[in-house]
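Student: Pasting in a structure now, in structure tokens, and then I'll have a few things to ask.
The values are calculated or read from the model by the stated rules, or taken from the named source; none is laboratory data. In this text, all values refer to a predicted model and were calculated from it rather than measured experimentally. Counting neighbours? That spans all protein chains shown, and the Cβs are built from the backbone with ideal geometry, glycine included. Keep in mind that these areas ignore ligands, DNA and RNA; they rest on the heavy atoms of the full protein, side chains included. Shrake-Rupley method; radii C 1.70, N 1.55, O 1.52, S 1.80 Å.
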Amino acid sequence: EENLSNPATALQTPLSVLIPKSPCLVRHLEPNASLLDAIDLIQEGAQNLVIPLESSSKTSSRKKLVQGTLSNISTLHNNNRQYCWLTQEDIIRYLLNSIGLFCPTAANPINSLDIIDTRNKMALHYDDPASSALPFISRSLEIQASVAIVDSDGKLVGEISPFTLNYCDEDVAAAIATLSAGDLLAYVDCGGPPEDLVQLVKKRLQERNLEQALELVEEYSSGASISTSYSSSSSDDEFGMGRSARWMGYSARVVRRSEAIVCYPWSSLVAVMIQALSRRVSYVWVVDDDGTLAGIVSFAGMMKVFRERSRTMGEGCLN
């Protein structure tokens, strides 16, 4: 409420308030560490790994080239050491490329591998206030997931993802404060909010005397225009890669971004890996035959399977 009543002041808050309280989200790892070491850190909660690159004449030459062409971008820190950033997606992509080492485990259905997570199945009802998603959104940032939106029968109808919110302008804060979870799905979809929802947000802000938040929404909606380019193939459309739009300052891919990516309990591990990697997400929702939300499968859960499989095979394959 305090931030909504004075958005300008809220946006001047120091960046230090955004730094996660958990110290383990980013971890350092030496370049001679094994893949098992990396997976162990991911299992402990790390999202990303920072690894120093070995110095060499080739690296030095490349370093000079990078510095010469991209003077504003540098990965040099701590006595001019150069670092790379390793993500969970990088590790899963490597494991997929080495999938032959893990047969037949990778072909097994996920419900037989004990990786369907029900504890982190963060879900809201379609008619719940969108503001009640805020604690879930914070948690989903920590575990690289999203907040599921379900109907009265528990069927998955969409998701509120930090990735999607990242493409929105500041006025989305007013939408979260005033709309239902279901209406928020429509507000952040399709490159810009529908006019009826914009008017609903304005009306509710007026009712709560949140004048500065109302001014913020007015600023972004007064010159709203949508221009959409359709220059993609059908496969690009399917994966949301080909269409783009501009709504005032709102720049986003025009896709069904609140439509959640799903699999089934009997889907194979390798199929789920491919599904997640192709859509550039670190999780896939698991639904039953009728669409009821059953849980979620994450990159961390997938790595757990390979970690355990490596023990039975001998850890050489991941060292």
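Student: Hey, could you check the range 97-120 for residues that are within 20 Å of the chain's Cα centre (by Cα) and in contact (Cβ under 8 Å) with a residue 24 or more places away in the chain and say which is surrounded by the fewest Cβ atoms within 10 Å (Cβ to Cβ)?
Tutor: Initially, the range 97-120 is screened for residues within 20 Å of the chain's Cα centre (by Cα), giving 115-120.
Checking the rest, the ones that are also in contact (Cβ under 8 Å) with a residue 24 or more places away in the chain come to 115-118, 120.
On the way: ILE115: 20, ILE116: 16, ASP117: 17, THR118: 10, ASN120: 17.
Restricting to residues being within 20 Å of the chain's Cα centre (by Cα) and in contact (Cβ under 8 Å) with a residue 24 or more places away in the chain, the top hit is THR118.
Student: Moving on to the next point. Return the residues of the range 28-46 that are modelled with pLDDT of 90 or more and either assigned to a helix (DSSP H, G or I) or under 17 Å from ARG311 (Cα atoms) (or both); say none if nothing qualifies.
Tutor: Scanning the range 28-46 gives SER34, LEU35, LEU36, ASP37, ALA38, ILE39, ASP40, LEU41, ILE42.
Student: Do you know which of the residues in the range 2-27 that are more than 20 Å from the chain's Cα centre (by Cα), part of a loop (DSSP other than H, G, I, E, B) and free of Cβ contacts under 8 Å to residues at least 40 places away in the same chain is surrounded by the most Cβ atoms within 10 Å (Cβ to Cβ)? Before you say what the answer is, go through the steps one by one.
Tutor: Step one: of the range 2-27, the residues more than 20 Å from the chain's Cα centre (by Cα) are 2-17.
Pick out the ones that are also part of a loop (DSSP other than H, G, I, E, B) and you get 6, 11-14.
Restricting the remaining residues to those that are free of Cβ contacts under 8 Å to residues at least 40 places away in the same chain gives 12-14.
Values: GLN12: 8, THR13: 10, PRO14: 7.
Selected residue: THR13.
Student: Would you pick out the residues in the range 259-268 that are open to solvent by 30 Å² or more (accessible area, probe 1.4 Å), touching a residue at least 40 places away in the same chain (Cβ under 8 Å) and out of contact with any helix residue (DSSP H, G or I) (no Cβ under 7 Å at 6 or more places or on another chain)?
Tutor: Passing the criteria: GLU259, VAL262.
Student: If we only count helices (runs of 4 or more DSSP H) wholly inside the range 135-224, which ones have 1 or more residues that are within 16 Å of HIS125 (Cα to Cα) and not hydroxyl-bearing (Ser, Thr, Tyr)? Outline the logic, then answer.
Tutor: Working: elements: 162-165, 172-178, 181-187, 195-207, 211-221.
Result: 172-178, 181-187.
Student: Would the range 128-146 turn up any residue that is over 17 Å from the mean Cα position of the chain (by Cα) and open to solvent by less than 20 Å² (accessible area, probe 1.4 Å)? Give the steps one after another, and end with the answer.
Tutor: Step one: filter the range 128-146 for residues over 17 Å from the mean Cα position of the chain (by Cα), giving 128-132.
Imposing the further condition that a residue be open to solvent by less than 20 Å² (accessible area, probe 1.4 Å) reduces the set to 130.
Yes; the residues of the range 128-146 include at least one that is over 17 Å from the mean Cα position of the chain (by Cα) and open to solvent by less than 20 Å² (accessible area, probe 1.4 Å).
Student: Six or more apart or on different chains, Cβ atoms under 8 Å: show the pairs whose first residue is in the range 31-49 and closer than 17 Å to GLY301 by Cβ and whose second is small (Gly, Ala, Ser) and modelled with pLDDT of 90 or more.
Tutor: So the pair list comes out as ILE42/ALA300; GLN43/ALA300.
Student: While we're on this one: Looking at (1) open to solvent by 90 Å² or more (accessible area, probe 1.4 Å); (2) modelled with pLDDT under 90; (3) of a type outside the set (Lys, Arg); (4) in contact with a strand residue (DSSP E or B) (Cβ under 7 Å, 6 or more places away or on another chain), find the lone condition where ASN72 falls short.
Tutor: (4)
Student: Out of the residues in the range 269-287 that are surrounded by 18 or more Cβ atoms within 10 Å (Cβ to Cβ) and of a type in the set (Ser, Thr, Tyr), state the one that is farthest from ASP151 (Cα to Cα). Can you show your working first?
Tutor: Residues of the range 269-287 that are surrounded by 18 or more Cβ atoms within 10 Å (Cβ to Cβ), as a first pass: 269-270, 272-273, 276, 281-287.
Narrowing the set further to residues that are of a type in the set (Ser, Thr, Tyr) leaves 282-283.
Values: SER282: 24, TYR283: 21 Å.
Within the range 269-287, the match that is farthest from ASP151 (Cα to Cα) is SER282.
Student: Moving to a separate point now. Quick check on this structure: which one of ASP290, ASP236 is at pLDDT 75 or above and either surrounded by fewer than 20 Cβ atoms within 10 Å (Cβ to Cβ) or assigned to a loop (DSSP other than H, G, I, E, B) (or both)?
Tutor: Details: ASP236 fails: at pLDDT 75 or above.
Of the residues listed, the single one that is at pLDDT 75 or above and either surrounded by fewer than 20 Cβ atoms within 10 Å (Cβ to Cβ) or assigned to a loop (DSSP other than H, G, I, E, B) (or both) is ASP290.
Student: Moving to a separate point now. So is LYS202 open to solvent by 20 Å² or more (accessible area, probe 1.4 Å), of a type in the set (Lys, Arg) and over 24 Å from ILE261 (Cα atoms) or not? Walk me through it before giving the result.
Tutor: Working: open to solvent by 20 Å² or more (accessible area, probe 1.4 Å): yes; of a type in the set (Lys, Arg): yes; over 24 Å from ILE261 (Cα atoms): yes.
In short, yes.
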